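The values are calculated or read from the model by the stated rules, or taken from the named source; none is laboratory data. All figures in this text were calculated on a predicted structure; none of them were measured in a lab. Positions of Cβ are backbone-derived with ideal geometry, glycine not excepted, and every protein chain shown enters the neighbour counts.
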C-alpha cells in the first residue's frame, strides 16, 4: 500500500506504526519521522509567507479567509505520480492543513480512486481513535493496538505521579498576538498533566480574548503558540510578560511537535506539561521540549 499523507499528524502516525516505508507523498511541514521530506515527494505547500511575526500571520490569515483564498496549495501532478492507494487528510481546520474538499477536487482532476481517510479529532480519545483508523486502513491493526497500549500506559504513569498534588490553574495561550485560548484536545493535555486550563474549551474551538478580559485567576501561564517550536515559544512568552501579573511563572512549550499535531507525540506533550507544573513528580523531558522562564 502506498500512502499519501497530507497532514503532518498523519505522517507521524504512519511513522509510529512502523509504516514509514509506505509513505509516497507528504507535506512541507512533515518533519517527523526525521528526514521524511528528503525521502518522499512534497505535494502540499503553504500559501503564507515565511518568517512573519504572530500578528502578521494573523492579519494574513484573516485576509485570506475573508477573500476565500486557500492557505495551502496541492501539487496535483506530483500526487498523481505518487499513485497512492490511501490518502490521509483532514477537515478540522483550514488554517492548519489542507482541507478534505481540496483533496476531493484533486481526486477528480487526476482520476485516482485512492481511499481518502479524513482525521478530524476534537479530543484526546478521538486522536487515539484516529490512530486506530489509520492502522485499520493500512491493514496493520495489531501495530495500532500496540502503539495505543503504550500511549495509554504512559498517560496512566503521569496520572499516578500527579495524583493528590495541588492542581494549578493554567492560562494556556495557543496564540499570543492577538491572544487565543485553546480548544480541541489542548485543555485535556493540561488536565492530564495535573492542571486546570482556565477559560479553555475542551473539545471546542480556540477563542480570541482581549488581554483586559483574560480569565483568571491563574497560577501559571503556558505559552504554546500554534505551529511554533520551543525557541519561538520562549520569545513569544517573553513578549507577553508585560500583559501578565508580576511574579506569575511562565512556561514555553514546543507546540509544533507536542501540542497541535493530533498524533502520538501529544503524550510527550502531557509529560512535558506535567514536569513543568509538578517538577520532581515526573521525569524531566529531553531538552528542547519545554522551558520554564526565569
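Of note:
- Selection within region 249-294 - in a loop (DSSP other than H, G, I, E, B), free of Cβ contacts under 8 Å to residues at least 40 places away in the same chain and surrounded by fewer than 22 Cβ atoms within 10 Å (Cβ to Cβ): 280, 283, 284, 285, 286, 287, 294
Yes/no per residue for (1) surrounded by 22 or more Cβ atoms within 10 Å (Cβ to Cβ); (2) under 19 Å from the mean Cα position of the chain (by Cα):
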| position | (1), (2) |
| --- | --- |
| 169 | no, no |
| 189 | yes, yes |
| 194 | yes, no |
| 203 | no, yes |
| 214 | no, no |
| 219 | no, no |
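- Residue match in region 114-129 (condition: farther than 24 Å from residue 183 by Cα, modelled with pLDDT under 90, in a loop (DSSP other than H, G, I, E, B) and not assigned by TED's automatic domain parsing to the domain that holds residue 265): yes
- Here residue 148 meets the list (1) in the same structural domain as residue 204 (by TED's automatic domain parsing); (2) in contact with a helix residue (DSSP H, G or I) (Cβ under 9 Å, 6 or more places away or on another chain) almost entirely, failing just condition (1).
- With respect to the conditions (1) farther than 22 Å from residue 289 by Cα; (2) at pLDDT 95 or above; (3) touching a helix residue (DSSP H, G or I) at 6+ places or on another chain (Cβ under 6 Å), residue 224 lacks only one, and its number is (1).
- When region 186-216 is filtered for residues that are assigned to a loop (DSSP other than H, G, I, E, B), within 21 Å of residue 279 (Cβ to Cβ) and in contact with a strand residue (DSSP E or B) (Cβ under 7 Å, 6 or more places away or on another chain), the ones remaining, listed by number, are 195, 198.
- Filter pass, residue 150 being over 20 Å from residue 290 (Cβ atoms) and within 20 Å of the chain's Cα centre (by Cα): yes
- Criterion applied to 139, 135 was being outside the structural domain of residue 250 (by TED's automatic domain parsing), assigned to a loop (DSSP other than H, G, I, E, B), farther than 24 Å from residue 244 by Cβ and at pLDDT 95 or above, and the one residue passing it is 139.
- Some residue of region 138-159 being in contact with a strand residue (DSSP E or B) (Cβ under 9 Å, 6 or more places away or on another chain) and within 30 Å of residue 236 (Cβ to Cβ): yes
- Screening residue 236 on (1) farther than 24 Å from residue 12 by Cβ; (2) touching a residue at least 24 places away in the same chain (Cβ under 8 Å) shows it passes everything except condition (1).
- Residue 229 being closer than 23 Å to residue 51 by Cα and out of contact with any strand residue (DSSP E or B) (no Cβ under 9 Å at 6 or more places or on another chain): yes
- Residue in region 28-35 that is out of contact with any strand residue (DSSP E or B) (no Cβ under 9 Å at 6 or more places or on another chain), on the phi > 0 side of the Ramachandran plot and modelled with pLDDT under 75 present: no
- Against the test of being assigned to a helix (DSSP H, G or I), over 17 Å from the mean Cα position of the chain (by Cα) and buried (at least 16 other Cβ atoms within 10 Å of the Cβ), the options 64, 37 yield a single qualifying residue, 64.
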